[in-house]
Ligand SMILES: [Zn+2]
């Protein structure tokens with residue numbers, strides 16, 4: 001199996017990514033039974049909000065309690081090729097959101113390069129050039145020397161696949177260095193099969209490792225770009241959520257279980273005024289390596305975020321740690 005950062009977590013701790021509705025009518029009449037810890041969490045949210053907004057905060061909290069995460073699909077990563085471009089590759093002009101995804105890959109990797117120097121090709125049924133090892137179908141490939149990327153038709157708007165190839169172009173060296181594909185850009189790019197084997201896994205904490213409460217983790221969110229352009233980026237933006245173990249040794253992190261299903265616990269997620277979505281794990285323990293940062297990116301568009309009082313906002317959370325609302329700045 002191969003996976004991105006979040007799915008790597010899943011492989012470690014049995015996390016399942018599930019899809020569920022976010023529509024208001026799914027939960028409007030439902031107030032779930034909650035335990036005292038979660039009730040406290042909900043209360044804390046409501047206290048910070050106006051009366052009108054309290055109901056929305058409650059809806060967020062209800063969805064937080066009720067539903068499971070919806071995240072980007074998992075895809076196979078590319079090999080890296082020096083061979084000629086596959087026959088029937090068709091060059092295309094990168095859509096506006098590619099500029100944003102390029103900047104994100106630049107930011108996480110610390111590398112810079114002229115985006116316009118890369119040539120982009122699409123292919124209906126891409127045949128991988130790497131020897132088959134039982135890996136999934138290759139959906140993109142960066143061709144060294146030609147400074148060209150070939151992506152399958154069905155993946156040209158998959159940000160995780162596109163950023164994977166952009167990262168190859170930025171580091172411009174063969175292979176999948178763990179420093180970039182796992183550590184600094186993990187969660188922003190797919191990393192399956194050959195990539196996953198190359199970067200390796202952060203060892204799971206030992207059974208007698210220290211157990212710390214989830215509140216000890218450093219949780220942060222950021223929105224890229226800070227000014228979302230409808231014309232330049234097509235209204236695309238990304239919500240980047242990071243969780244870091246501040247300790248210099250491996251730990252087990254104790255999560256708050258879901259009141260509606262105490263055998264599982266929520267992990268990464270985000271909420272809008274209309275609902276929430278998140279991942280969850282079996283049990284209530286997640287392993288973190290020394291100083292490890294786990295990262296999930298939600299690739300969204302302005303239209304994914306409902307408007308309230310003329311503003312659009314989103315907020316991330318990790319388990320019971322919910323961050324403040326991030327107001328989106330949108331220009332035409
Ligand atoms: Zn690759």
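The values are calculated or read from the model by the stated rules, or taken from the named source; none is laboratory data. Every value quoted in this text rests on a predicted model; they were computed, and no experiment measured them. Note: ideal-geometry Cβ built from the backbone for every residue, glycine included; neighbour counts use all protein chains shown.
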Query - Residues of segment 140-161 classified as within 16 Å of residue 90 (Cβ to Cβ) and more than 10 Å from the ligand (Cβ to nearest atom), total - result: 12
Requested in this report: Considering every residue within segment 84-97, establish whether at least one is within 15 Å of the ligand (Cβ to nearest atom), surrounded by fewer than 19 Cβ atoms within 10 Å (Cβ to Cβ), in a loop (DSSP other than H, G, I, E, B) and at pLDDT below 85.
Outcome: no
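Does residue 77 satisfy the condition of being crowded, with 22+ Cβ neighbours inside 10 Å, farther than 30 Å from residue 261 by Cβ, within 16 Å of the ligand (Cβ to nearest atom) and at pLDDT 50 or above? It would help to see each step written out before you state the result.
Numbers: crowded, with 22+ Cβ neighbours inside 10 Å: yes; farther than 30 Å from residue 261 by Cβ: yes; within 16 Å of the ligand (Cβ to nearest atom): yes; at pLDDT 50 or above: no.
Answer is no for this residue.
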Report summary line: Within segment 160-186, residues being outside any helix (DSSP H, G or I) and buried (at least 16 other Cβ atoms within 10 Å of the Cβ) number 4
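Do we find a residue being at pLDDT below 65, over 22 Å from residue 238 (Cα atoms) and away from the ligand (no atom under 16 Å from the Cβ) anywhere in segment 65-73? Explain how you work it out, then say what you get.
Filtering segment 65-73 down to residues at pLDDT below 65 leaves 65-73.
Among the residues that remain, those that are also over 22 Å from residue 238 (Cα atoms) are: 65-66.
Then drop every residue that is not away from the ligand (no atom under 16 Å from the Cβ), which leaves 65-66.
Among the residues of segment 65-73, at least one is at pLDDT below 65, over 22 Å from residue 238 (Cα atoms) and away from the ligand (no atom under 16 Å from the Cβ), which makes the answer yes.
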Report summary line: Note: among 266, 205, just one is touching a helix residue (DSSP H, G or I) at 6+ places or on another chain (Cβ under 8 Å) and either crowded, with 21+ Cβ neighbours inside 10 Å or free of Cβ contacts under 8 Å to residues at least 12 places away in the same chain (or both), namely 266
Requested in this report: Could you check, for segment 215-230, whether at least one of its residues is closer than 22 Å to residue 287 by Cα, buried (at least 21 other Cβ atoms within 10 Å of the Cβ) and either more than 16 Å from the ligand (Cβ to nearest atom) or in the same structural domain as residue 93 (by TED's automatic domain parsing) (or both)?
Outcome: yes
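Can you tell me which residue is farthest from the ligand (Cβ to nearest atom) among those in segment 172-202 that are in contact with a strand residue (DSSP E or B) (Cβ under 7 Å, 6 or more places away or on another chain) and touching a residue at least 24 places away in the same chain (Cβ under 8 Å)? Explain how you work it out, then say what you get.
Taking segment 172-202 as the starting set, the residues that turn out to be in contact with a strand residue (DSSP E or B) (Cβ under 7 Å, 6 or more places away or on another chain) are 174-175, 181, 186-188.
With touching a residue at least 24 places away in the same chain (Cβ under 8 Å) added as a condition, the list becomes 174-175, 186-188.
On the way: 174: 10, 175: 8, 186: 13, 187: 15, 188: 13 Å.
So, considering only residues that are in contact with a strand residue (DSSP E or B) (Cβ under 7 Å, 6 or more places away or on another chain) and touching a residue at least 24 places away in the same chain (Cβ under 8 Å), the one farthest from the ligand (Cβ to nearest atom) is 187.
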